[in-house]
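The values are calculated or read from the model by the stated rules, or taken from the named source; none is laboratory data. Everything numeric in this text was worked out from a predicted model, so none of it was measured. Cβ: placed from backbone, ideal geometry, glycine included. Neighbour counts: every protein chain shown.
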Amino acid sequence: MATPELRHMLRDDDLNHEEQKQVLELAIKFHNNRFYHQPFAGPQGIAVIFDKPSTRTRSSFSIGVAELGGYPLVIDKSGSQLGRGEPVADTARVLDRMAYGVVWRTFGQDRVEEMAKYSTHPVVNALTDEFHPCQILADFQTIAEHRGGVDNLKNQTIVYLGDAANNMSNSYLLGGAVAGMNVRVAGPNGYLPDPQIVADAEAIASETGGSVLVTTDPKEAVAGADCVFTDTWVSMGEESEYSIRSKPFWDYQVNADLMSYAKEDAIFQHCLPAYRGKEVTSEVIDGPQSVVWDEAGNRLHAQKALLTWLAGKARGDESLLA
Ligand code: CP
Ligand code: NVA
């Protein structure tokens, strides 16, 4: 037995390089054997809370926790006291006495941090305004599976285009730096990442052998890339900005012309939901370079791996880490 260690997954750099590799190796094992580990047999309950809509995250955590032998208690904002303003700290202390972990999709990153502060079980960020770390694990698992394994992630060149100030952009910067990748993000002025996130990513990349490029030039960003990512130009909570946000991003649309600057065998990913004709053309997302269905399916395996790994750390049970 190792020393028990309470760990949370609130942002992508909560795992270091070796730990991220461990989780991704485990994700591939779960892909090959859906019932590889059942750490929550009992069943132990995991609270899965949604303050924003979801299809993939809801289904992958609900089915995933059940496949891990546990019971997913899925709570929506409209059906909980959190939605009526009950303090996060109070909710955290109640759930902590019943559930063996909390998975939460919400607005500000401060909310998941507050939940973790009052929890003695792992807390997982299932998307905040700032980060979407579970998506990044699934995306990197998908690259690993298309590129001959987790060891080959290092030095892959990945590019994210569009709203470079959003949660996906931040998560690619941090998660890609942790993986030792060459991470590029491109978007228009006014939609570039927070300099603090870029500085954090650069500091991590200097340790892992990766690199970071932030640019307004979409062709420079895509040149020679191994994997091209995009996301909606209007994230959840920004719906009132729809008409303003329709304008600045057209040069960053992922279409056949922009894809032609990437490597010939480059793959395309999108966290979904996708808006065809906006951030990506149907020619690309429905074309031969797109691996978006593999990517969506990997949410299940990657998150099961993450929950298992966090349970292994919390219990000091090293058998759950591999
Ligand atoms: N990619 C993703 O998180 O999808 P959902 O919003 O459907 O969960
Ligand atoms: N940036 C998007 C991701 C959706 C999975 C949003 O936050 O709405």
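Restricting attention to helices (runs of 4 or more DSSP H) lying wholly within the stretch 108-191, give those where 3 or more residues are under 13 Å from the mean Cα position of the chain (by Cα). Show your work before the answer.
On the way: elements: 109-117, 133-146, 167-179.
Filter on the stretch 108-191 gives 133-146, 167-179.
Results for (1) surrounded by 21 or more Cβ atoms within 10 Å (Cβ to Cβ); (2) in contact (Cβ under 8 Å) with a residue 60 or more places away in the chain; (3) of a type in the set (Lys, Arg), shown as yes or no for each residue.
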| position | (1), (2), (3) |
| --- | --- |
| Ser54 | no, yes, no |
| Arg58 | no, no, yes |
| Gly64 | yes, yes, no |
| Gln81 | no, no, no |
| Gly85 | no, no, no |
Which residue out of Asp251, Asp200 is part of a helix (DSSP H, G or I) and under 26 Å from Tyr275 (Cβ atoms)? Asp251
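Looking only at the stretch 223-232, filter to residues that are in a strand (DSSP E or B) and not polar (S, T, N, Q); which one of those is nearest to ligand 1 (Cβ to nearest atom)? First the steps, then the outcome.
Let us first name the residues in the stretch 223-232 that are in a strand (DSSP E or B), namely 227-230.
This time we only want the ones that are not polar (S, T, N, Q), so: 227-229.
Numbers: Cys227: 16, Val228: 17, Phe229: 12 Å.
Among them, the one singled out is Phe229.
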Of the conditions (1) under 17 Å from Thr308 (Cα atoms); (2) more than 16 Å from ligand 1 (Cβ to nearest atom), the single one that Met9 does not satisfy is (2)
Would the stretch 206-216 turn up any residue that is without any contact (Cβ under 8 Å) to a residue 40 or more places away in the chain, surrounded by fewer than 18 Cβ atoms within 10 Å (Cβ to Cβ) and outside any strand (DSSP E or B)? yes
Taking the stretch 165-194 and keeping residues surrounded by 23 or more Cβ atoms within 10 Å (Cβ to Cβ), away from ligand 2 (no atom under 11 Å from the Cβ) and closer than 22 Å to Asn255 by Cα leaves Tyr172, Val183, Arg184, Val185, Ala186, Gly187
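Please pick out the residue among Lys304, Lys278 that is at pLDDT 95 or above and not in a loop (DSSP other than H, G, I, E, B). Steps first, please.
Numbers: Lys278 fails: not in a loop (DSSP other than H, G, I, E, B).
Of the residues listed, the single one that is at pLDDT 95 or above and not in a loop (DSSP other than H, G, I, E, B) is Lys304.
Checking the condition of a type in the set (D, E, K, R), at pLDDT below 95, more than 16 Å from ligand 1 (Cβ to nearest atom) and assigned by TED's automatic domain parsing to the domain that holds His146, which residue from Lys263, Lys247 passes? Break it down stepwise before answering.
Working: Lys263 fails: at pLDDT below 95.
Just one listed residue meets the conditions, Lys247.
This table checks each residue for (1) assigned to a helix (DSSP H, G or I); (2) within 19 Å of the chain's Cα centre (by Cα); (3) among the hydrophobic types (A, V, I, L, M, F, W, C); (4) surrounded by 20 or more Cβ atoms within 10 Å (Cβ to Cβ).
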site	(1), (2), (3), (4)
Val234	no, yes, yes, yes
Asp257	yes, no, no, no
Asp265	no, no, no, no
Phe268	no, yes, yes, yes
Val284	yes, no, yes, yes
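Can you find a residue in the stretch 125-135 that is over 25 Å from Met168 (Cα atoms) and touching a residue at least 40 places away in the same chain (Cβ under 8 Å)? Walk me through how you get there before you give the answer.
The initial filter retains those residues of the stretch 125-135 that are over 25 Å from Met168 (Cα atoms), namely none.
No, the stretch 125-135 contains no residue that is over 25 Å from Met168 (Cα atoms) and touching a residue at least 40 places away in the same chain (Cβ under 8 Å).
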So is Gly297 under 23 Å from the mean Cα position of the chain (by Cα), within 16 Å of ligand 2 (Cβ to nearest atom) and in a loop (DSSP other than H, G, I, E, B) or not? no
Say whether the condition of being at pLDDT 95 or above, assigned to a helix (DSSP H, G or I) and at negative phi is met by at least one residue in the stretch 75-85. no
Give the residues of the stretch 16-57 that are more than 16 Å from ligand 2 (Cβ to nearest atom), in a loop (DSSP other than H, G, I, E, B) and small (Gly, Ala, Ser), sorted by residue number. Ala41, Gly42
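Residues Glu241, Glu220: which one is within 16 Å of Ala165 (Cα to Cα) and part of a helix (DSSP H, G or I)? Spell out the reasoning first.
Numbers: Glu220 fails: within 16 Å of Ala165 (Cα to Cα).
After ruling out the rest, the residue left standing is Glu241.
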Exactly one of (1) touching a helix residue (DSSP H, G or I) at 6+ places or on another chain (Cβ under 6 Å); (2) within 16 Å of ligand 2 (Cβ to nearest atom) is unmet by Asp251. Its number? (2)
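Out of the residues in the stretch 101-120 meeting the condition of being in contact with a strand residue (DSSP E or B) (Cβ under 7 Å, 6 or more places away or on another chain) and touching a residue at least 40 places away in the same chain (Cβ under 8 Å), tell me which one is farthest from ligand 2 (Cβ to nearest atom).
Going residue by residue through the stretch 101-120, those that are in contact with a strand residue (DSSP E or B) (Cβ under 7 Å, 6 or more places away or on another chain) are 101-105, 112, 115-116, 119.
Filter once more, so that each one left must be touching a residue at least 40 places away in the same chain (Cβ under 8 Å): 101-105, 112, 116, 119.
On the way: Gly101: 21, Val102: 19, Val103: 15, Trp104: 14, Arg105: 9, Val112: 14, Ala116: 20, Ser119: 23 Å.
By that ranking, first place goes to Ser119.
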